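Just below is one structure, and these are the notes that go with it.
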Amino acid sequence: MIFAHHNSLKRNGVEMGNQLRKLFILIILCLPVVIVHAQKRNVRYTEYIKKYSDLAVEQMKRHKIPASITLAQGLLESGAGRSELARKSNNHFGIKCGGSWRGRTVRHNDDAPNECFRAYKHPRDSYEDHSDFLTRGARYAFLFKLDITDYKGWARGLKKAGYATDPSYANRLITIIEDYDLYKYDRKGIYSKRQLRKQPWLMNPHQVYIANGIAYVIAREGDTFKNLGQEFDIRWKRLVSYNDLQRDYTLMPGDIIYLKSKQKKASKQYSVHVVKDGDSMHSISQKYGIRLKYLYKMNHKDGDYIPEIGDRLKLR
């Protein structure tokens, strides 16, 4: 009895040690990701956005140019307001003189040496001239047929129309918009303050993903079934049912929430799941978009079954 008890303690100690090592390795592996994420946003960019976002939204309401595009171009063309053109001439969009310009000018090296660029008294003048430049330019006319929230279409259209010679110009604009959530400013042009108070998700809607042919979203801090139901026009009680949860369940950031009923089995590329540390039958069913009762049924398990590390569970 004592010997058996000693062996049991020893096994538990080894298992605990293994778990601690796994946890330590996981923390080490995740650490660089956390650091990269923290460093992802450039302080100069965030300061520029804070300073000029209202001006970009104002121009959007007057000229129907997405604020996200205006801000992204301003950031890119002016180096977040730090370029020589921006600092000395208040030119935030790299607009060259052209034959019709009658204002102040400055010489600057760009595609060719000593090129002529427009100069302004104030950054506001640069923003207003940027809007005029796009609205009056015949080659940009097709852009105004796009939806105000179609920043990708605008970015690609600007490149197509020849705004910049950089072959990756559109991708650079799109990356800036998505990295700094600039698309949220576009929605200020289509929703009233009252609407945004009642429906705050309009400013930052959930991205929809697909798994096993079913649409789902990732829960964020503060989400509830009720506000997700309002956002997607689905009764919140149905969301609870679709996700095999209880009505009093509190959503946690990172939870997978399906917007339709899950399937009876996983998609064809997934046939077996090997249980890992932290897996539960519910988390597995969510990962593969399978209704929980069918996951139990196809594996001949009852409701008391708790998956153990290494167990192989059928998914189809």
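The values are calculated or read from the model by the stated rules, or taken from the named source; none is laboratory data. Everything numeric in this text was worked out from a predicted model, so none of it was measured. A quick note on method: Cβ atoms are made from the backbone with ideal geometry, for glycine too, and the neighbour counts reach across all protein chains shown. Side chains included, ligands, DNA and RNA excluded: accessible areas come from the protein's heavy atoms. Shrake-Rupley method; radii C 1.70, N 1.55, O 1.52, S 1.80 Å.
Looking at segment 264-277, can you tell me whether even one residue there is open to solvent by 50 Å² or more (accessible area, probe 1.4 Å), within 26 Å of K314 (Cβ to Cβ) and touching a His at 6+ places or on another chain (Cβ under 7 Å)? No, because not a single residue in segment 264-277 is open to solvent by 50 Å² or more (accessible area, probe 1.4 Å), within 26 Å of K314 (Cβ to Cβ) and touching a His at 6+ places or on another chain (Cβ under 7 Å). Return a yes/no flag: does segment 215-225 have any residue that is modelled with pLDDT of 90 or more, hydroxyl-bearing (S, T, Y), open to solvent by less than 50 Å² (accessible area, probe 1.4 Å) and over 24 Å from the mean Cα position of the chain (by Cα). Scanning segment 215-225 turns up no residue that is modelled with pLDDT of 90 or more, hydroxyl-bearing (S, T, Y), open to solvent by less than 50 Å² (accessible area, probe 1.4 Å) and over 24 Å from the mean Cα position of the chain (by Cα). Do we find that G153 is of a type outside the set (S, T, Y), under 25 Å from the mean Cα position of the chain (by Cα) and open to solvent by less than 30 Å² (accessible area, probe 1.4 Å) in this structure? Here the answer is yes, as G153 does meet what is asked. A Cβ distance below 6 Å, combined with a sequence gap of six or more or placement on separate chains, defines the contacts here; from segment 226-251, residues that are open to solvent by 40 Å² or more (accessible area, probe 1.4 Å) reach residues that are hydroxyl-bearing (S, T, Y) and not in a helix (DSSP H, G or I) in the pairs Y242/Y258; Y242/S261. Put simply, of K314, K265 the only residue that is in contact with a Phe, Trp or Tyr (Cβ under 7 Å, 6 or more places away or on another chain) and touching a residue at least 40 places away in the same chain (Cβ under 8 Å) is K265. From the residues in segment 278-298 that are out of contact with any Asp or Glu (no Cβ under 9 Å at 6 or more places or on another chain) and among the polar types (S, T, N, Q), which one is surrounded by the fewest Cβ atoms within 10 Å (Cβ to Cβ)? Step by step, filter segment 278-298, then rank; the result is S280.
Looking only at segment 252-262, how many residues end up being surrounded by 18 or more Cβ atoms within 10 Å (Cβ to Cβ) and touching a Lys or Arg at 6+ places or on another chain (Cβ under 8 Å)?
Filtering segment 252-262 for residues surrounded by 18 or more Cβ atoms within 10 Å (Cβ to Cβ) gives 255, 257-259, 262.
In the following step, the residues that additionally are touching a Lys or Arg at 6+ places or on another chain (Cβ under 8 Å) were identified as 262.
Count: 1.
Results for (1) open to solvent by 60 Å² or more (accessible area, probe 1.4 Å); (2) among the β-branched types (V, I, T); (3) modelled with pLDDT of 95 or more; (4) in contact with a His (Cβ under 9 Å, 6 or more places away or on another chain), shown as yes or no for each residue.
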site: N42; (1), (2), (3), (4): yes, no, no, no
site: T46; (1), (2), (3), (4): no, yes, no, no
site: S53; (1), (2), (3), (4): no, no, no, no
site: M60; (1), (2), (3), (4): no, no, no, no
site: K64; (1), (2), (3), (4): yes, no, no, no
site: T70; (1), (2), (3), (4): no, yes, yes, yes
site: R82; (1), (2), (3), (4): yes, no, no, no
site: F93; (1), (2), (3), (4): no, no, no, yes
site: C97; (1), (2), (3), (4): no, no, no, no
